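To start, the structure under review is shown below, and the notes come after it.
The values are calculated or read from the model by the stated rules, or taken from the named source; none is laboratory data. On a predicted model such as this, the values are computed, not experimentally measured, just so you know. So basically every Cβ, Gly included, is an ideal-geometry build from the backbone, and we count neighbours across all protein chains shown. Heads up: the accessible areas ignore ligands, DNA and RNA and are worked out on the full protein's heavy atoms, side chains in. Shrake-Rupley method; radii C 1.70, N 1.55, O 1.52, S 1.80 Å.
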Amino acid sequence: MKVRDLSKHYQMGEVIVKALKDATFEINEGEFVVILGPSGSGKSTLLNILGGMDKPTKGQIYMREEEITKYDDKQLTKYRRDKIGFVFQFYNLMANLTAIENVELATEICKNPLNIDEVLENVGLGNRKNHFPSQMSGGEQQRVAIARAVAKNPLLLLCDEPTGALDYKTGISILSLLSKINKDYKKTVMVITHNAPIAKMADRVLKMRSGEIIDDYMNEKPIDPEGIEW
Amino acid sequence: MNKLNLRLMRLIKSSKGQFLAIMAVIIVGLLVYTALNMAVVNLKNTVDYYYDLTNFADLYVQVVKIPAKSIKDLESKQSIVKAQGRIVYDVPLKVEDEDEKVNVRVISVPDSSENINSLYIVDGEAISNKAKDALVIEQFAKARNIKVGETIIPQIGGKQYELTVRGIVASPEFVYLMEDEQSLLPQPDKFGVIYVSDEFARQSFGLNDGHNEVLINLKSEKDIDKAKERLEEELDKFGVKRIITKEEQLSNRMISEEINQLKNSSNTVPLIFLGVAAIILAVMISRMVRNDRTSIGVLKALGYNNIQILFHYIKYSLFIGIMGSIIGTFTGMILSGYMTKMYIRFFNIPMLQVNFYYKYMFLAVLISSIFCILAGLWGGRGVLKILPAESMRPETPKVGKRILLERINIIWQRITFSWKMVIRNIFRSKKRFIFIILGIALTFSMTFLTMHQWDAFATIFNTHYGEFQRMDYNINFSKPLNDNVVKDIQHLVEAEEIEAKVEYPFEIIYGWKSEVVNIIGVKSKTKFYGFINQEGTEIELPKEGIVFSENLAKFLGVKKGDRVKIKSFIPEREDVYMEVKDIIKQSLGMNAYMDIDYMTDKLLDNELATGVYLNSKDDVKEKLGNVKNISSVQSLDDLKSIFQQFLQLSIFSIGILVIFSGVLGFAIVYNATTMSINERRLEFSSLRVMGFSKKEIYRIITKENTIMTVLGILIGMPIGRIMIRSVEEVFSNELYTLHTPISLKSYIWASALTIIFVALAQLSTLRKINKLDFMEALKSRIS
Ligand SMILES: Nc1ncnc2c1ncn2[C@@H]1O[C@H](COP(=O)(O)OP(=O)(O)OP(=O)(O)O)[C@@H](O)[C@H]1O
Ligand SMILES: [Mg+2]
């Protein structure tokens, strides 16, 4: 995946907020990428554009030689449907659907989903699949959200601060899960965080500040999430 | 099942109350739609079928006397298929109670079986003994409990004839049994019809081989007007009094009128209900979309497109629409059968043509679906505007603006904290409050309209009998008599006031419009009428010229000062032109009035009275009951009691209308309050955390609702008045002029009922506050 001169400007009355400034980088398939940066640095903006949820002001994104940034709304919807799995900070499950139904909600509309039971088993929720979100803890809900994103069998799994609302231990377990998915299913995973230590588990780290990518490096030896402390 | 649909089903389950409330509105709307539309068609078909079967006459020619041969001659001519002579006279009937005046119309029937207006035998058999047998019309037989085999005694030309009741019959001509245009309601125990053989009638009325009425069937109804004109000329030599077309025929006119009114309501009422349901749905769905902002964002992020998501919400309203319309239309269909039967019993039609017209069921579902889809589209249009990236960000809280009232310190400082909250709330969520207020306003105006209608009938009646007509008794002679009769009557009863009157039907023509009405001649300074003109001043009858009742003037398009042509039914009389001197208010019936001397001079041949008006404390009925030459003694009290009965009948329909308005009001207020509680869970939870009790929160809601109810009622008043005036416009006809002042009582009743409906709706939301788990509400911010 290649990103060239990607920019996003917001017009706020008189002022223009430059949330993203000429971001340029490349990601290889199967990499575990961590985007690091302080609040307001444009991480979410970048991720949303990569996920086809928002359009850039300028710049290009190429995914397997396809230029995503040329897509119209219809194509973007299809792109989100088939290529992207999204995990949100606040899980955002449908309150009146059970765990398994939440996953099915996503897989119903995509081309070649994975086996749902298997995925739920893999995220450790095999025995809770018929529970409603309100009957589950935050960590469990986030697992459902991950299962929902993974079961679509996307090329790219995008996670916007998946541990943001969770305690340390649960956060670690979620990161382990993501790492496991990265390895088992060979998915490209991008995780946003403002916790520097998490970067240690990444193959590649993108550091951001005020809308710019200020650093882009590969970890020689990514450590196991269990070994992270913050 | 599709997971999105599954979500929908659970959504519906969790908002059962609102769902059912809206569905009730739709059910009512389509129930009315189906029931009335089918009843209209069934009623029309039944009537047509009945007319067809009995050869209903196209024209009634009333003459002085026409020989049988001349009637036969008509038949070969042009569009006339059949002409049939008969004898028709109104005569008194001798009954047990000698004070009671009962009149019957004696009508002769020919021997042949292929008759015009042929009779339908309900009980017994046809006439066999031509000299002694009679048939009695069903309504009259029922009202007076006359059975086959009994004897009835009509007095013809002063002579009593004892006739045997051979059969009870129904006639297409008297489906609605009224003596004439002047009687406002049927009085089946006071006026009836008996059928006798042609022979008997000719002998007893002394007409030899003649008849005094000819019934005519035409090839096609299109020829009616032409045939009428031609017959008027051709039969002039037999003294044509009046030619009545099928359309003008009293009973037929009453039925058509009823069918038309039914038809009017069959489309307007459902439209109101569907419109309200659609508005509630649209508001509800737009709220839902707003609350589901994040979920919609997630769906979009997952790759659902706008149409799929929009359709998800449209399905919600469509589901309500289809369910409601199916239930409504099925119950409506069942009801239409009963309604048709009820009408047919009321109208005395001895047959029934009830069919189910699936067209209306189909249309009901279709119309309801269209309304609901539109409501869904309108309410759900917000889906399109939600951007997935943005919806994930928490909504920026609304800037807490100060409301105007807060700036007026003097007032603001005196308001208690909870009132401050209430007032702020109202101003902050204006749209919601406007919606609720309009809902209450609509409920109020519907109830108000119903209450007024109820009141209006009584008022019309009281103004007509009492303020307009001021006589205790209205006495009609069986034949015109000279002035001496007034003195004779004064000898018989102690009269406080007595005046002679003349009353005859004339055809009044203005431009191309004409109408047959009774012109009444009384003293110009009569004590028995309160003539009030359109400017509201009481007037005396002018010494010359004629005065019209308001709706006669309206019907003919006549203004004060116009000249009209008056055509007499007395054969050989020239038409008279006369100036309309004034137009007076009359709420029941249509008449013209003249000074009695001017009237006899201009329009009549002699100075004979047709009756007297009388005020007396005496027992007039008993004393004048069997006086020769008096055909009827009608007292104001009689009329009042008839009207009371009529009112009792309408209590039923008024009740149904009030229930309907209640359904509307309940649905609106219940839904709005529920929506508001759902949206404000966070707010209420914060209050609970701050230490407010459930009671205090409930009190805040009650205060809000009180303000809205008061505002709703205030706004509902002008809306209701507009509704009342337009209903009056639509439903005023030749018989009623509905233009009555709105009484305070209507305001009070409608307000009280509206408050009850609102209170009921609020009570059912009480539970929701009780169940409000504030910890969960605060937590659920997250998911
Ligand atoms: N819809 C918008 N309109 C205006 N400005 C926006 C909008 N979305 C984001 N911004 C601005 O763009 C900048 C980057 O926002 P972004 O959400 O990408 O930051 P972030 O790195 O994800 O921060 P955080 O860690 O707090 O989530 C911020 O200054 C933000 O205010
Ligand atoms: Mg962010």
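What's the total number of residues in the range A:137-170 that are assigned to a loop (DSSP other than H, G, I, E, B) and within 16 Å of ligand 2 (Cβ to nearest atom)?
Number of matching residues: 6.
Which of the numbered conditions does residue A:19 fail, given that it passes all the others? Conditions: (1) within 13 Å of chain B (Cβ to nearest Cβ); (2) of a type in the set (A, V, I, L, M, F, W, C); (3) open to solvent by 20 Å² or more (accessible area, probe 1.4 Å); (4) within 11 Å of ligand 1 (Cβ to nearest atom).
Residue A:19 satisfies all of (1) within 13 Å of chain B (Cβ to nearest Cβ); (2) of a type in the set (A, V, I, L, M, F, W, C); (3) open to solvent by 20 Å² or more (accessible area, probe 1.4 Å); (4) within 11 Å of ligand 1 (Cβ to nearest atom) except (3).
So, in the range B:285-299, of the ones that are touching a residue at least 40 places away in the same chain (Cβ under 8 Å) and open to solvent by 10 Å² or more (accessible area, probe 1.4 Å), which residue ends up farthest from the other protein chains (Cβ to nearest Cβ)?
In this case the residue turns out to be B:286.
When residue B:275 is evaluated against the numbered criteria (1) open to solvent by 30 Å² or more (accessible area, probe 1.4 Å); (2) away from chain A (no Cβ under 14 Å), which criterion, by number, is the only one it fails?
Among (1) open to solvent by 30 Å² or more (accessible area, probe 1.4 Å); (2) away from chain A (no Cβ under 14 Å), the lone unmet condition for residue B:275 is (1).
What about residue A:87, is it buried (at least 22 other Cβ atoms within 10 Å of the Cβ) and away from ligand 1 (no atom under 16 Å from the Cβ)?
No, not satisfied.
Inspect the range A:65-83 for any residue being touching a Pro at 6+ places or on another chain (Cβ under 6 Å), within 14 Å of another protein chain (Cβ to nearest Cβ) and not hydrophobic (A, V, I, L, M, F, W, C) and give the result as yes or no.
yes
With B:36, B:31, B:4 as the choices, which residue is in contact (Cβ under 8 Å) with a residue 24 or more places away in the chain and within 14 Å of another protein chain (Cβ to nearest Cβ)?
After ruling out the rest, the residue left standing is B:4.
If you check B:69, B:13, which single one turns out to be more than 14 Å from chain A (Cβ to nearest Cβ) and part of a helix (DSSP H, G or I)?
That would be B:69, the only listed residue that is more than 14 Å from chain A (Cβ to nearest Cβ) and part of a helix (DSSP H, G or I).
Scan (1) among the hydroxyl-bearing types (Ser, Thr, Tyr); (2) out of contact with any helix residue (DSSP H, G or I) (no Cβ under 9 Å at 6 or more places or on another chain); (3) at pLDDT 85 or above for the single condition residue B:76 breaks and write down its number.
(3)
Could you say whether any residue in the range A:48-65 is surrounded by fewer than 20 Cβ atoms within 10 Å (Cβ to Cβ), polar (S, T, N, Q), more than 16 Å from ligand 1 (Cβ to nearest atom) and at pLDDT 90 or above?
Yes.
Could we say that residue A:173 is open to solvent by 10 Å² or more (accessible area, probe 1.4 Å), hydroxyl-bearing (Ser, Thr, Tyr), away from ligand 2 (no atom under 16 Å from the Cβ) and at the interface with chain B (Cβ under 8 Å from one of its Cβ atoms) here?
For residue A:173, the condition - open to solvent by 10 Å² or more (accessible area, probe 1.4 Å), hydroxyl-bearing (Ser, Thr, Tyr), away from ligand 2 (no atom under 16 Å from the Cβ) and at the interface with chain B (Cβ under 8 Å from one of its Cβ atoms) - is not met.
If we only count strands (runs of 3 or more DSSP E) wholly inside the range A:1-92, which ones have 3 or more residues that are away from ligand 2 (no atom under 16 Å from the Cβ)?
Once the strands (runs of 3 or more DSSP E) in the range A:1-92 are filtered for at least 3 residues that are away from ligand 2 (no atom under 16 Å from the Cβ), what remains is A:2-12, A:15-26, A:58-63.
So in the range A:22-39, with the set limited to residues that are surrounded by 15 or more Cβ atoms within 10 Å (Cβ to Cβ) and within 12 Å of ligand 1 (Cβ to nearest atom), which one is farthest from the other protein chains (Cβ to nearest Cβ)?
The qualifying residue farthest from the other protein chains (Cβ to nearest Cβ) is A:36.
Can you go through B:479, B:430, B:513 and tell me which one is assigned by TED's automatic domain parsing to the domain that holds residue B:747 and surrounded by fewer than 20 Cβ atoms within 10 Å (Cβ to Cβ)?
After ruling out the rest, the residue left standing is B:430.
Tell me whether the range A:105-120 contains one or more residues that are under 16 Å from the mean Cα position of the chain (by Cα) and more than 8 Å from every other protein chain (Cβ to nearest Cβ).
Checked against the condition, which is being under 16 Å from the mean Cα position of the chain (by Cα) and more than 8 Å from every other protein chain (Cβ to nearest Cβ), the range A:105-120 yields no hits at all.
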